[in-house]
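See structure below.
The values are calculated or read from the model by the stated rules, or taken from the named source; none is laboratory data. Model, not experiment: these values are computed from the prediction. Counting neighbours? That spans all protein chains shown, and the Cβs are built from the backbone with ideal geometry, glycine included. We work out accessible area using only protein heavy atoms, side chains counted, and drop any ligands, DNA or RNA first. Shrake-Rupley method; radii C 1.70, N 1.55, O 1.52, S 1.80 Å.
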Amino acid sequence: QVQLVESGGGLVQAGGSLRLSCAASGRTFSSYAMGWFRQAPGKEREFVAAINWNGRSTYYADSVKGRFTISRDSAKNTMYLQMNSLNAEDTAVYYCAAGVRLSYGLTHKEYDYWGQGTQVTVSS
């Protein structure tokens, strides 16, 4: 079992930055691929970014490529999402997820554990 807790969300002006954290506890953090998803009001949950088990491979949705950076620190059992140049379309609840796999997945069905989410609101 893996427990995931997100933090770092909040209210930011357009053009600003936030860094989300996802703290993992339970089984070996480094054995899991990790990902970030988001869900805006009235919309389906969508993929944002993913990272494989050792952090050497990452993948981003086109909408965030070049603005967001995913990373992980196995020593701290924590994953991060650095978000720059935020805009109103980035407003959503952001969820971190862990998958019992080494390579990252791009759909929510490929992940086994989820955090409770953290709200990110970008004011224009």
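Just a few scattered comments:
- Each of 74, 60, 23 was placed along the dipole of the chain (beta-carbon charges, centred on the mean Cα), and the one lying farthest toward the positive end is 74.
- Spherically averaged projected area of the convex hull of Cα atoms, the chain: 6.7 nm².
- Residue ranges 32-41, 70-79, 99-108 sort as 32-41, 70-79, 99-108 when ordered by packing (mean number of other C-beta atoms within 10 Å per residue, highest first).
- Between the beta carbons of residue 75 and residue 43, assuming R0 = 22 Å, the FRET efficiency works out to 0.05 to the nearest 0.05.
- Length available on full extension from residue 13 to residue 65: 0.36 nm per residue minus the Cα-Cα distance, which gives 16.8 nm.
- Note, ³J(HN,Hα) from phi for segment 49-64, Karplus 6.51, -1.76, 1.60, rounded to Hz, x at Gly and Pro: 7, 8, 9, 7, 4, 9, x, 8, 9, 9, 8, 10, 5, 4, 5, 10
- Annotation: aspartates and glutamates with alpha-carbon distance below 18 angstrom to residue 43 (same-chain offsets under eight excluded): 62, 89, 90.
- Residue-by-residue Karplus 3J(HN,Hα) for segment 83-89, coefficients 6.51, -1.76, 1.60, Hz, glycine and proline x: 10, 10, 6, 5, 9, 4, 5
- Accessible area expressed per residue, the chain, with surrounding protein chains retained (probe 1.4 Å, Å²): 51
- FRET efficiency, 1/(1 + (r/R0)^6) with R0 25 Å, evaluated for residue 58 and residue 116 via beta carbons: 0.60
- Relative contact order computed over the chain (Cα-Cα under 8 Å; 6+ residues apart), in percent: 37
- Among 46-54, 58-66, the order from most to least packed when residues are scored by Cβ within 10 Å on average: 46-54, 58-66
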